[in-house]
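The structure appears below as structure tokens.
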Amino acid sequence: MTGGCACGRVRYTAHIADDDAYLCHCRMCQRATGSISIAFKSVAQADVRWEHEPDWFDSSPIARRPFCSQCGTSLGFAFKDDSGNMDLTVASFDDPSRFQPRHHFGAESIHRAWLNTEDLPEKRTADHQKLVDKWVAATGRMPA
Ligand SMILES: [Zn+2]
């Protein structure tokens, strides 16, 4: 499967063995991604090929995180020791739809109000007329 950052500078191909993924809620992942939690897919480092090497943020004494210094996309997580595995951010895959959340990690810092959101009202992007107008004025259409 292929993936990469928002601007397209960093691209990867990864061999994916199954659909298992998870949410990490630890404070370091929250800080590093700016998100309440981050969806990760664990992969063998040997199964990831970078077409363009990511930048690496030295995020703690034990870990580092691949990202794109041009657009800022968080691409994953890896321990510094040669543990064999690393994580890729689920949403950085070109098609993240196959992955299924199997567990929560970093449960001590879960923000519970954001876990069960199924009952909240849903609004589609295309129904937000002011946003549609901005896109049409700028590019002639909505992005794919
Ligand atoms: Zn980028």
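The values are calculated or read from the model by the stated rules, or taken from the named source; none is laboratory data. Please read these numbers as outputs of a predicted model, since none were measured by experiment. When we count neighbours, we look across all protein chains shown, and the Cβ atoms used for this are built from the backbone with ideal geometry, even at glycine. Accessible surface areas use protein heavy atoms only, side chains included; no ligands, DNA or RNA. Shrake-Rupley method; radii C 1.70, N 1.55, O 1.52, S 1.80 Å.
Descriptive notes on the structure:
- In this structure residue 115 has an accessible area near 50 Å², from a 1.4 Å probe over the protein heavy atoms.
- FRET efficiency, 1/(1 + (r/R0)^6) with R0 35 Å, evaluated for residue 138 and residue 20 via beta carbons: 0.35
- For the peptides 58-71, 28-41, 97-110, 117-130, the ranking by packing is 28-41, 58-71, 97-110, 117-130, with the highest mean count of neighbouring Cβ atoms within 10 Å listed first.
- Only helical runs count toward this figure. For the chain, summing -39,500 (n - 2.57) over DSSP H runs of n ≥ 4 and dividing by all residues gives -3500 deg cm²/dmol at 222 nm.
- Cα-projected label distance for residue 53 with residue 79, points at 7 Å along beta-carbon direction, nm: 2.4
- Binning all Cα-Cα separations of segment 57-118 at 10 Å, short to long from zero, yields these whole-percent fractions: 17, 39, 39, 6.
- Note on the chain: Kirkwood hydrodynamic radius from all Cα pairs is 16.8 Å, rounded to one decimal.
- In straight-distance terms, cross-link reach from residue 80 covers every one of the lysines whose alpha-carbon lies under 27 Å from its own, apart from those fewer than eight places away in the same chain; here that gives 41.
- Two-decimal log10 I(q)/I(0) for segment 39-88, as the Debye equation yields it once each C-alpha is a single scatterer, q = 0.18, 0.22, 0.26, 0.28 Å⁻¹: -0.54, -0.81, -1.10, -1.23
- For the chain, the solvent-accessible area works out to 66 Å² per residue, with a probe of 1.4 Å and every protein chain left in place.
- Heavy-atom accessible area ranking, 1.4 Å probe, most first, across 56, 114: 114, 56
- Pairs of C-alpha atoms in segment 1-67 farther apart than 20 Å represent 35 percent of all such pairs.
- Carbon plus sulfur fraction of accessible area for segment 1-114, probe 1.4 Å, in percent: 53
- Assigned charges on the beta-carbon of Lys, Arg, Asp, Glu; segment 1-92 dipole about Cα centre (debye): 360
- Residue-count net charge about residue 60 - beta-carbon cut-off 13 Å; Lys, Arg +1, Asp, Glu -1: +3
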